[in-house]
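To keep things clear, I will list the structure first and then write my remarks on it.
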Amino acid sequence: MQELTCFKTYDIRGRVGVDLDPAIAKRIGRAFCEVLAARRVVVGRDCRESSGPLAEALIEGLLESGAEVLDIGLAGTEEMYHATHHFGADGGIEVTASHNPIDYNGMKLVGPHATPIDPDRTLGAVRRLAESGEFAAPQRGGVRRDATHARAAYVQTVMKFVDPAALRPLTILVNSGNGVAGPAFDAVAVELEAHGAPLRFVRMHHDPDGSFPNGIPNPLLPENQPITANAVRAHGADMGVAWDGDFDRCFFFDADGQFIDGEYILGLLAAVFLEKHPGEQIVHDPRVVLNTLDVVAKAGGRAVLSATGHVFIKQKMRETGAVYGGEMSAHHYFRDFAYCDSGMIPWLLVAELMGRSGTSLADLVADRRARFPSSGEINFRLSDPVAAMAAVRAAYAPGALMVEDMDGMSLTFEDWRFNLRASNTEPVVRLNVEAKGNAARVAEGVAGIRSVLAGFAAP
């Protein structure tokens, strides 16, 4: 019995050579097939230097379990999702560490129709079998390496979300961060050009490079945003788009290089879908909600609250049939994309909205920012997160209009709201504060909660 520390709550992640290596990857492949009774499995990988060897070992484990493997090669996580659904596979695995440090790697796993696998029952069973190594007698499957066909099908699906005739001339700076977004973006760009879309692209850090010479691609970190923002201004672009390593998230910058927080993009996309699909449901996470609730109500839709995380968002969308779901962390989910998240579809929808409205990205979100200012996520490293959360609750709950305990605690007051939640993996709590039309109220809320948490600061 070998304990496998690379298994996390929803996926597989760990340090290469310590928590995860080709031998472990092969065991995971065998266990995945047996637990899911999978006969056809899609495998994709990102560009990290360790991803090729891990993917080959994973495929070997799948083959030894008798599976037919569709290897789509260098591809984003959403391309794996799409191929799993489109080709009717029994499951799919992407070898990726996304935005984790360079010495990490991992795997994202899905079942039939690209559905998330149950973290306790299914992923737990995969882990137990991989640890025990008590596999069935080896069989021999086959492998088909068909990246070209898979990507072509993916591009056709992505293109269904946009009307090229509605696009107006725009210069868009795209920063792939040397992850795997570049080749998929190029394939979409070729299709856009074939449809006469009047878009000009400026490509930045575009070629996949697993050594990440320009740093790990994680545009959500404030320290990583100036490089894209400066390039947007330098090239006079109308909009900037930056992706993380496996491009299942994209991040937006307006023409002035201003980063657009995720809740405002969520609101834009919710409005887009409710215009196209009146009265539909929109799923959102509980961290920052005021703008989303207002947008959805005014557009005649129904907002549906879900716990944070792709497993929960996708489950809630499937339960309700919601047309779109979004998280403030820049994960955007689409019913017509097998209820999966995509980092390629959002920028197309925003570009189309800019074209149809004749409005800049800055102007599209200016009113929403003024109506519902927010703090952005603030992290606090604490000695005792549980006691700290209890202290904040004791200080603020008596005056709250509503207290919710989904993803930490959310307290709502007459003109402001906050969410405070503890990390599952480190002694950190994460705070988001938002208000109705009063940025000073946001600052006051942050300062007050900070003062309570100061008593629990880590040494």
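What follows is calculated from the coordinates using simple rules that are stated; it is not laboratory data. For clarity, every value in this text was computed on a predicted model and none was experimentally measured. Ideal geometry is used to build each Cβ from the backbone, glycine not excepted, and the neighbour counts take in all protein chains shown.
Output wanted: per-residue J couplings in Hz (rounded whole) for segment 71-85, from phi through Karplus 6.51 cos²θ - 1.76 cosθ + 1.60, θ = phi - 60°, x for Gly and Pro.
Karplus-based 3J(HN,Hα) across segment 71-85 equals 8, 9, x, 5, 7, x, 4, 5, 5, 5, 4, 4, 5, 4, 6 Hz.
Can you list the HN-Hα couplings for segment 131-136, worked out from phi with the Karplus curve (6.51, -1.76, 1.60; θ = phi - 60°), rounded to whole Hz and with x for Gly and Pro?
Taking θ as phi minus 60°, the curve returns 5, 6, x, 8, 8, 5 Hz for segment 131-136.
Restricting things to Cα coordinates, could you compute the convex hull volume per residue of segment 378-456 in Å³?
79
Find the relative contact order for the chain and round it to a whole percent, using C-alpha pairs within less than 8 Å whose residues are 6+ positions apart.
Averaging sequence separation for qualifying contacts and normalising by length gives 12 percent for the chain.
Considering Cα pairs under 8 angstrom that are at least six residues apart, work out the relative contact order of segment 378-456 and quote it in whole percent.
So the answer I get is 34 percent.
For segment 104-174 and segment 211-286, what is the separation of their Cα centres, given in Å?
Computed from Cα coordinates, the inter-centre distance equals 22 Å.
Can you tell me how segment 12-147 classifies by the Cα gyration tensor, rounded, prolate or oblate, using a/c under 1.5 as the rounded cut?
rounded
Would you mind telling me the antiparallel percentage of the DSSP bridges in the chain, rounded to 5?
55
What is the set of long-range amide H partners of A303 at a cut-off below 5 Å, with H atoms built 1.01 Å from backbone N?
Placed amide hydrogens put I282 under 5 Å from A303.
Just for the Cα atoms in segment 25-88, what are the lengths along the principal axes, largest first, rounded to whole Å?
Principal axes ranked by extent give 27, 26, 14 Å for the Cα atoms.
Under 5 Å between amide hydrogens, which residues at least 5 positions from Y104 or on another chain qualify, with H placed 1.01 Å from N in the peptide plane?
Long-range HN contacts for Y104: V16.
For segment 12-147, calculate the relative contact order in percent as a whole number, restricting contacts to Cα pairs under 8 Å that are 6 or more residues apart.
It rounds to 33 percent for segment 12-147.
Taking the Cα centre of the chain as origin and charging only Cβ (+1 Lys, Arg; -1 Asp, Glu), how large is the dipole, in debye to the nearest 20?
That gives a dipole near 460 debye.
Rounded, prolate or oblate, given the Cα gyration tensor of segment 169-259, with a/c below 1.5 counting as rounded?
In terms of gyration-tensor shape, oblate.
Tell me which lysines have Cα within less than 26 Å of K8's Cα, excluding those fewer than 8 residues away on the same chain?
Within reach: K26, K108, K314, K316.
To make sure I understand, if each residue's beta carbon is the centre and we count other beta carbons within 10 Å, what order do I449, I216 fall in, fewest to most?
If I rank by nearby Cβ atoms, fewest first, I get I216, I449.
Using Rg and Dmax of the Cα atoms in Å as the read-out, say which of [x] 25.9, 78; [y] 22.1, 66; [z] 23.0, 82 was calculated from these coordinates.
Label of the calculated value: [y].
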